[in-house]
Amino acid sequence: MIEINRIMIKEAAVEDCKEPQDDSTVVEADIHYPTNNELTWDCIKTSHRLLKKLEESGCLKKVRNNQKQAKKNRFQINNTKKEDKRRSSSTISLKLLRNSINQAERAVIEASTKGSNQGLG
């Protein structure tokens, strides 16, 4: 660890490397168990955050937000006892995930097209 720190400091040319510095900040946080439901929710949430950044930068016109419905489904799946109701909510969550993935794919194509058009002009 100390050797890695020395190399990083030397490459960054920040300090003289005579005394190694350690950063050991620890924050207590709840970590949710990675169920399919939680992973689906995380993907929808993250993709929307990234799409929103693209929209703010001007690469996209409008971003559809699926987070509200996805959050409702996440809660339903976590708190429903009956298998058939959980399964129907899971199907809806997967459709919302697919919508988010499709939107992200279109955004990448649109952003790359705009980027190449701006480079030509």
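The values are calculated or read from the model by the stated rules, or taken from the named source; none is laboratory data. Keep in mind the model is a prediction, meaning the values are calculated, not measured. Cβ coordinates were reconstructed from backbone atoms using ideal geometry, including for glycine residues, and neighbour counts include every protein chain displayed. Please note that ligands, DNA and RNA were not included when accessible areas were found on the heavy atoms of the full protein model with its side chains. Shrake-Rupley method; radii C 1.70, N 1.55, O 1.52, S 1.80 Å.
Taking the condition modelled with pLDDT of 85 or more, more than 20 Å from Ala107 (Cα to Cα) and open to solvent by 100 Å² or more (accessible area, probe 1.4 Å), does Lys81 pass? Full working, then the answer.
Details: modelled with pLDDT of 85 or more: yes; more than 20 Å from Ala107 (Cα to Cα): yes; open to solvent by 100 Å² or more (accessible area, probe 1.4 Å): yes.
When the stated conditions are applied, Lys81 passes them.
Any residue that is free of Cβ contacts under 8 Å to residues at least 24 places away in the same chain and in a helix (DSSP H, G or I) - is there at least one of those in region 59-66?
Taking region 59-66 and keeping what is free of Cβ contacts under 8 Å to residues at least 24 places away in the same chain, we get 61-62, 65.
Add one more test, that the residue is in a helix (DSSP H, G or I), and what stays is none.
So far as region 59-66 goes, no, none of its residues is free of Cβ contacts under 8 Å to residues at least 24 places away in the same chain and in a helix (DSSP H, G or I).
Is it fair to say Lys61 is more than 19 Å from the chain's Cα centre (by Cα), at pLDDT below 90, of a type outside the set (Val, Ile, Thr) and open to solvent by 90 Å² or more (accessible area, probe 1.4 Å)? Give the derivation first.
On the way: more than 19 Å from the chain's Cα centre (by Cα): yes; at pLDDT below 90: yes; of a type outside the set (Val, Ile, Thr): yes; open to solvent by 90 Å² or more (accessible area, probe 1.4 Å): yes.
It is true that Lys61 is more than 19 Å from the chain's Cα centre (by Cα), at pLDDT below 90, of a type outside the set (Val, Ile, Thr) and open to solvent by 90 Å² or more (accessible area, probe 1.4 Å).
Would a scan of region 34-57 turn up a residue that is in contact with a helix residue (DSSP H, G or I) (Cβ under 9 Å, 6 or more places away or on another chain), open to solvent by 60 Å² or more (accessible area, probe 1.4 Å) and outside any helix (DSSP H, G or I)?
yes
Does Gln76 satisfy the condition of being in a helix (DSSP H, G or I), open to solvent by less than 60 Å² (accessible area, probe 1.4 Å) and either of a type in the set (S, T, N, Q) or touching a Ser or Thr at 6+ places or on another chain (Cβ under 7 Å) (or both)? Steps first, please.
Details: in a helix (DSSP H, G or I): yes; open to solvent by less than 60 Å² (accessible area, probe 1.4 Å): no; either of a type in the set (S, T, N, Q) or touching a Ser or Thr at 6+ places or on another chain (Cβ under 7 Å) (or both): yes.
So Gln76 does not fit the description; no.
Going residue by residue through region 11-25, is there one that turns out to be outside any loop (DSSP other than H, G, I, E, B) and either at pLDDT 75 or above or of a type outside the set (Asp, Glu) (or both)? Spell out how you get there, then give the answer.
Step one: filter region 11-25 for residues outside any loop (DSSP other than H, G, I, E, B), giving 11-12.
Subsequent filtering for residues that are either at pLDDT 75 or above or of a type outside the set (Asp, Glu) (or both) retains 12.
Within region 11-25, one or more residues are outside any loop (DSSP other than H, G, I, E, B) and either at pLDDT 75 or above or of a type outside the set (Asp, Glu) (or both).
Please go through (1) free of Cβ contacts under 8 Å to residues at least 40 places away in the same chain; (2) outside any helix (DSSP H, G or I) for Gln69 and return the number of the only condition it doesn't satisfy.
Result: Gln69 passes all but (2).
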